[in-house]
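The values are calculated or read from the model by the stated rules, or taken from the named source; none is laboratory data. Being a predicted model, the structure only gives us computed values, none of them experimental. Positions of Cβ are generated from backbone atoms using ideal geometry, with glycine treated the same way; all protein chains shown enter the neighbour counts.
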Amino acid sequence: MIRDEDFIKNINVPGPTKEEIRCIVMCKSEVSCDDIVVDIGCGTGGLTVEFAKRAKMVYAIDQNSLAIETTVENIKRHGVAGNVVVKEGDGLYLLKKLENFDILMIGGSGGKLQHILEKGYKKLNVGGRILVTSILLETCLEAVKTIEMLGMTPDVVNVSISKGKLTERGTMMLANNPVTIVSAHKS
Ligand code: SAH
């Protein structure tokens, strides 16, 4: 797993998703080398790069041009330019233009989560996975409700990580903000 400090950052772009959260997302997604992944709200490219190291192809989408620039820089830095296609725009709109895929990762939806999930579900191959990372309770709830409405069973995990920081007196544990990961399989 890539360390957080090895990503190029832009103060105006959120991310990268923290290393330990990326670990859990990779496991829950069951990503393999045959998978086509769509990452909506790619931000800094933290999850895009991790998926690109493991999948056949990743479509990285963000509506913020600075996020697109930062993702492109990180794709180059981590040597995965060969299997990532980066698209600037609204994920809901750009989903229409994509062929079917195996993994739908939603890291940002700008109030359109339900519609993105509905549209994404139609293009998700049978056996495919959906993952939503959220820092807001409302986003988590919307993901759970929509996934149930689509006939899938949501798996909901709230992750609270504390990391050790070396101080003169010893190792001090500093808490990261909790992140909820909602995931589901299409059968
Ligand atoms: N997972 C990323 C961080 C995601 S931050 C990483 O590891 O770096 C969330 C991103 O979602 C932001 O960059 C925001 O611009 C984007 N976003 C929000 N709503 C969107 C939408 N409807 N379509 C595309 N991108 C969106």
**Item:** Options Glu142, Glu148; residue that is over 27 Å from Gly89 (Cα atoms), among the acidic types (Asp, Glu) and modelled with pLDDT of 95 or more
**Value:** Glu148
**Scan of the stretch 114-127 for residues that are without any contact (Cβ under 8 Å) to a residue 60 or more places away in the chain, surrounded by fewer than 24 Cβ atoms within 10 Å (Cβ to Cβ) and not charged (D, E, K, R), ordered by number** = Gln114, His115
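Inside the stretch 58-100, can you point out the residues that are touching a residue at least 60 places away in the same chain (Cβ under 8 Å) and in contact with a Gly (Cβ under 7 Å, 6 or more places away or on another chain)? Spell out how you get there, then give the answer.
Pass one, the stretch 58-100, residues touching a residue at least 60 places away in the same chain (Cβ under 8 Å): 70, 73-74, 77-78, 98-100.
Scanning the stretch 58-100 gives Thr70, Asn74.
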**Request:** Within the stretch 135-163, track down each residue that is within 17 Å of Val25 (Cβ to Cβ) and touching a Phe, Trp or Tyr at 6+ places or on another chain (Cβ under 9 Å).
**Result:** Ile147
**Request:** Look through Asp39, Asp35 and report the one residue that is closer than 18 Å to Leu131 by Cα, buried (at least 24 other Cβ atoms within 10 Å of the Cβ) and touching a residue at least 40 places away in the same chain (Cβ under 8 Å).
**Result:** Asp39
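Restricting attention to the stretch 42-54, which residues are surrounded by 24 or more Cβ atoms within 10 Å (Cβ to Cβ) and either over 18 Å from Gly110 (Cβ atoms) or not β-branched (Val, Ile, Thr) (or both)?
Residues of the stretch 42-54 that are surrounded by 24 or more Cβ atoms within 10 Å (Cβ to Cβ), as a first pass: 42-52.
Across the stretch 42-54, the qualifying residues are Cys42, Gly43, Gly45, Gly46, Leu47, Val49, Glu50, Phe51, Ala52.
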**Fill in**
Exactly one of Lys87, Lys165 is of a type outside the set (Gly, Ala, Ser) and exposed (fewer than 12 other Cβ atoms within 10 Å of the Cβ), and that residue is Lys165
**Request:** Tell me, yes or no, whether the stretch 135-150 has at least one residue that is closer than 22 Å to Ile36 by Cβ, within 13 Å of the ligand (Cβ to nearest atom) and either small (Gly, Ala, Ser) or assigned to a strand (DSSP E or B) (or both).
**Result:** no
**Request:** Identify, by number, the condition in (1) surrounded by fewer than 18 Cβ atoms within 10 Å (Cβ to Cβ); (2) in contact with a Ser or Thr (Cβ under 8 Å, 6 or more places away or on another chain); (3) closer than 22 Å to Lys18 by Cβ that Thr133 doesn't meet.
**Result:** (1)
**Message:** Can you find a residue that is over 11 Å from Ile40 (Cα atoms) and either within 16 Å of the ligand (Cβ to nearest atom) or part of a helix (DSSP H, G or I) (or both) anywhere in the stretch 159-171?
**Reply:** yes
**Item:** Members of the stretch 81-134 that are more than 16 Å from Ser29 (Cα to Cα), touching an Asp or Glu at 6+ places or on another chain (Cβ under 9 Å) and not aliphatic (A, V, I, L, M)
**Value:** Lys87, Glu88, Gly89, Gly91, Gly108, Ser109, Gly110, Lys112, Gln114, Lys123
